[in-house]
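Just below is one structure, and these are the notes that go with it.
The values are calculated or read from the model by the stated rules, or taken from the named source; none is laboratory data. This is a predicted model, so every value here is computed, not measured. Here Cβ is always computed from backbone atoms with ideal geometry, including for glycine, and neighbour counts include all displayed protein chains. Ligands, DNA and RNA are stripped out before the accessible areas are found, and what is left, the full protein with its side chains, is counted by its heavy atoms. Shrake-Rupley method; radii C 1.70, N 1.55, O 1.52, S 1.80 Å.
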Amino acid sequence: QVQLVESGGDLVQPGGSLRLSCAASGFPFSSYAMSWYRQAPGKERELVATISNRGYSTDYADSVKGRFTISRDNRKNTVYLQMNSLKPEDTAVYYCTANWNTVSYWGQGTQVTVSS
């Protein structure tokens with residue numbers, strides 16, 4: 001069965017850091033591009049970052065460039081999102097997704113709250 005399990009979300013103060021993890025199973029992980037999305041209450045879902053299947057190419061939303069880094073470990077079937085210099089506007093539920101052509105899988109999400 002396909003599973004994507006996010007972890008690492010927490011309450012953190014502005015300027016702090018978090019690393020989110022997404023453990024994948026049930027599909028050929030190294031054949032899929034992986035992305036992180038986020039959605040805050042009352043706001044549109046936003047694509048945050050994407051990494052290619054082998055990890056050689058990445059892309060980021062303008063709002064997180066220079067602060068967030070997406071990475072993956074295909075030996076561990078895990079994708080990460082390192083988040084630095086966090087801002088209150090980063091508060092959202094973060095979801096990881098796996099993508100191969102028209103096939104997409106979604107995790108359940110992990111809550112990130114940036115507040116004093």
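Yes or no, residue by residue, for (1) in contact with a Lys or Arg (Cβ under 9 Å, 6 or more places away or on another chain); (2) open to solvent by less than 20 Å² (accessible area, probe 1.4 Å); (3) closer than 20 Å to residue 60 by Cβ; (4) at pLDDT below 95:
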position	(1), (2), (3), (4)
70	no, yes, yes, no
73	no, no, yes, no
77	no, no, no, no
84	yes, no, yes, no
89	no, no, yes, no
92	yes, yes, yes, no
96	no, yes, yes, no
101	no, no, no, yes
111	no, no, no, no
TODO: Would you mind stating whether residue 55 is closer than 21 Å to residue 103 by Cα, of a type in the set (Gly, Ala, Ser) and exposed (fewer than 14 other Cβ atoms within 10 Å of the Cβ)?
DONE: no
Task: the stretch 59-68, residues that are over 26 Å from residue 28 (Cα atoms) and surrounded by 20 or more Cβ atoms within 10 Å (Cβ to Cβ) - done: 64
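Quick check: anything in the stretch 71-80 under 10 Å from the mean Cα position of the chain (by Cα) and farther than 26 Å from residue 1 by Cα? So that I can check it myself, show each step before the final result.
As a first pass, look at the stretch 71-80 and keep what is under 10 Å from the mean Cα position of the chain (by Cα): 71, 79-80.
This time we only want the ones that are farther than 26 Å from residue 1 by Cα, so: none.
No, the stretch 71-80 contains no residue that is under 10 Å from the mean Cα position of the chain (by Cα) and farther than 26 Å from residue 1 by Cα.
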- [ ] Could you please give the count of residues in the stretch 4-23 that are in a strand (DSSP E or B) and either hydrophobic (A, V, I, L, M, F, W, C) or more than 15 Å from the chain's Cα centre (by Cα) (or both)?
- [x] 8
Task: Search result, residues across the stretch 18-66 that are under 14 Å from residue 94 (Cβ atoms) and basic (Lys, Arg) - done: 19, 38, 43, 45
Task: Residue that is surrounded by the most Cβ atoms within 10 Å (Cβ to Cβ) [pool: residues in the stretch 24-45 that are outside any loop (DSSP other than H, G, I, E, B) and over 11 Å from the mean Cα position of the chain (by Cα)] - done: 24
